[in-house]
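Structure record follows, encoded as structure tokens.
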Amino acid sequence: MVTSTELADLASEQWGMVTTAQARVLGFSAQDMARMAKQGRLERLRHGVYRAAGAPPTPQDRLRAAWLALDPAHTAAERRRGPAPAVVSHRSAADVQGLGDTAADELEFTVPARKQPRDPDVRIHCRHMDREDWILLDGLPVAAPSKIVGDLAAEHMDGGHLAGIIRNAIIHGNVDGARLAEVLAPYAHRYGAVAGDGEGALVLLLEQADVPEALARLYALPSHKQGSTT
């Protein structure tokens, strides 16, 4: 295990992870981190990000490590308290919420200011996100389902995959049909509806996901909250 109590405590607050920049504040050099990794006290996950030995690996480690690497000098808690944290978005957000298997090799994040990622498997989208556009999922800022749908529609995701994501978001609950129609409206014509008709696009996509038409139209009603498709 890591010998420094402070370093171990910090790692425990960040899914068992710590960055070289964070460790430097506690008095550890990059050489110290590399030596502890060689000794088996730390495991290198990506450039500048390590996991403490004994911290159980999870399927989200790659995503979490990449998120930490975007702003390695600040702790996860500091970034969550900030006005505009980097947010897991697009296909990565759909995947982490179990909304669909988008089979994307890239890890996608949305940030408020232009940033050049160090790692080739990280894709950055630069735009402002309102607080209502993201949620906290096990301490990680992740785009809300309606934001995911709007972002993927803007990127011309094919109807089959987008339909599945919408259906799964509805099954998971807490998705407002009117909000989904709103984010789909600018792209409605791409999915077989009249231009600007977000409600029509939502109904057509739900039907494509094998939701009966009557039920699809019910989900598209303003302020309708979905719990399940049964």
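The values are calculated or read from the model by the stated rules, or taken from the named source; none is laboratory data. Keep in mind that what you see is a predicted model, and the values were worked out from it rather than measured. FYI the Cβ positions are ideal-geometry reconstructions off the backbone, even for glycines, and counts take in every protein chain you see. In case anyone asks, the SASA skips ligands and DNA or RNA and just uses the protein heavy atoms, side chains included. Shrake-Rupley method; radii C 1.70, N 1.55, O 1.52, S 1.80 Å.
Looking at (1) touching a Lys or Arg at 6+ places or on another chain (Cβ under 9 Å); (2) in a loop (DSSP other than H, G, I, E, B); (3) open to solvent by 20 Å² or more (accessible area, probe 1.4 Å), can you tell me which one residue 116 breaks?
(1)
Taking the criterion of being of a type in the set (Val, Ile, Thr) and in contact with a strand residue (DSSP E or B) (Cβ under 8 Å, 6 or more places away or on another chain), would at least one residue in segment 164-184 satisfy it? I'd like the intermediate steps shown before the answer.
If we filter segment 164-184 for residues that are of a type in the set (Val, Ile, Thr), which is where we start, we get 165-166, 170-171, 175, 183.
Retained after the next criterion (residues that are in contact with a strand residue (DSSP E or B) (Cβ under 8 Å, 6 or more places away or on another chain)): 175.
Looking for residues that are of a type in the set (Val, Ile, Thr) and in contact with a strand residue (DSSP E or B) (Cβ under 8 Å, 6 or more places away or on another chain), one finds at least one in segment 164-184, hence yes.
(1) at pLDDT 90 or above; (2) under 13 Å from the mean Cα position of the chain (by Cα): which one isn't true of residue 164, the others all being true?
Here residue 164 clears every test but (2).
For segment 185-196, which positions are open to solvent by 60 Å² or more (accessible area, probe 1.4 Å) and out of contact with any Leu (no Cβ under 7 Å at 6 or more places or on another chain)?
Taking segment 185-196 first, the residues open to solvent by 60 Å² or more (accessible area, probe 1.4 Å) are 186, 189-190, 192, 194-195.
Passing the criteria: 186, 189, 190, 194, 195.
Just to check your reading of the model, which residue among 81, 62 is out of contact with any Ser or Thr (no Cβ under 6 Å at 6 or more places or on another chain), within 21 Å of residue 18 (Cα to Cα), free of Cβ contacts under 8 Å to residues at least 24 places away in the same chain and open to solvent by 10 Å² or more (accessible area, probe 1.4 Å)?
81
If you check 55, 73, which single one turns out to be of a type in the set (A, V, I, L, M) and either closer than 30 Å to residue 163 by Cα or open to solvent by 30 Å² or more (accessible area, probe 1.4 Å) (or both)? Before you say what the answer is, go through the steps one by one.
Values: 55 fails: either closer than 30 Å to residue 163 by Cα or open to solvent by 30 Å² or more (accessible area, probe 1.4 Å) (or both).
Just one listed residue meets the conditions, 73.
Conditions tested, residue by residue: (1) outside any helix (DSSP H, G or I); (2) out of contact with any strand residue (DSSP E or B) (no Cβ under 9 Å at 6 or more places or on another chain); (3) of a type outside the set (Ser, Thr, Tyr); (4) closer than 18 Å to residue 119 by Cβ.
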residue: 7; (1), (2), (3), (4): no, no, yes, no
residue: 11; (1), (2), (3), (4): no, no, yes, no
residue: 44; (1), (2), (3), (4): yes, no, yes, yes
residue: 56; (1), (2), (3), (4): yes, yes, yes, no
residue: 64; (1), (2), (3), (4): no, no, yes, yes
residue: 67; (1), (2), (3), (4): no, no, yes, yes
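Counting just the residues of segment 19-52 that are open to solvent by less than 30 Å² (accessible area, probe 1.4 Å) and of a type in the set (D, E, K, R), which one comes out nearest to residue 77 (Cα to Cα)?
Only one residue tops the list, namely 51.
Taking segment 182-230 as the region of interest, how many residues are at pLDDT below 90 and either in a helix (DSSP H, G or I) or in contact with a Pro (Cβ under 7 Å, 6 or more places away or on another chain) (or both)?
Residues that pass the stated criteria total 7.
Could you check how many residues of segment 135-171 are under 22 Å from residue 104 (Cα atoms) and open to solvent by 20 Å² or more (accessible area, probe 1.4 Å)?
16
State all residues of segment 96-125 that are within 25 Å of residue 206 (Cα to Cα) and among the charged types (D, E, K, R); if no residue qualifies, say none.
Within segment 96-125, just 101 meets the criteria.
Any residue that is under 20 Å from residue 84 (Cβ atoms), at pLDDT 95 or above and in contact with a strand residue (DSSP E or B) (Cβ under 8 Å, 6 or more places away or on another chain) - is there at least one of those in segment 112-119?
Within segment 112-119 (the criterion being under 20 Å from residue 84 (Cβ atoms), at pLDDT 95 or above and in contact with a strand residue (DSSP E or B) (Cβ under 8 Å, 6 or more places away or on another chain)), the answer is no, since none of the residues qualifies.
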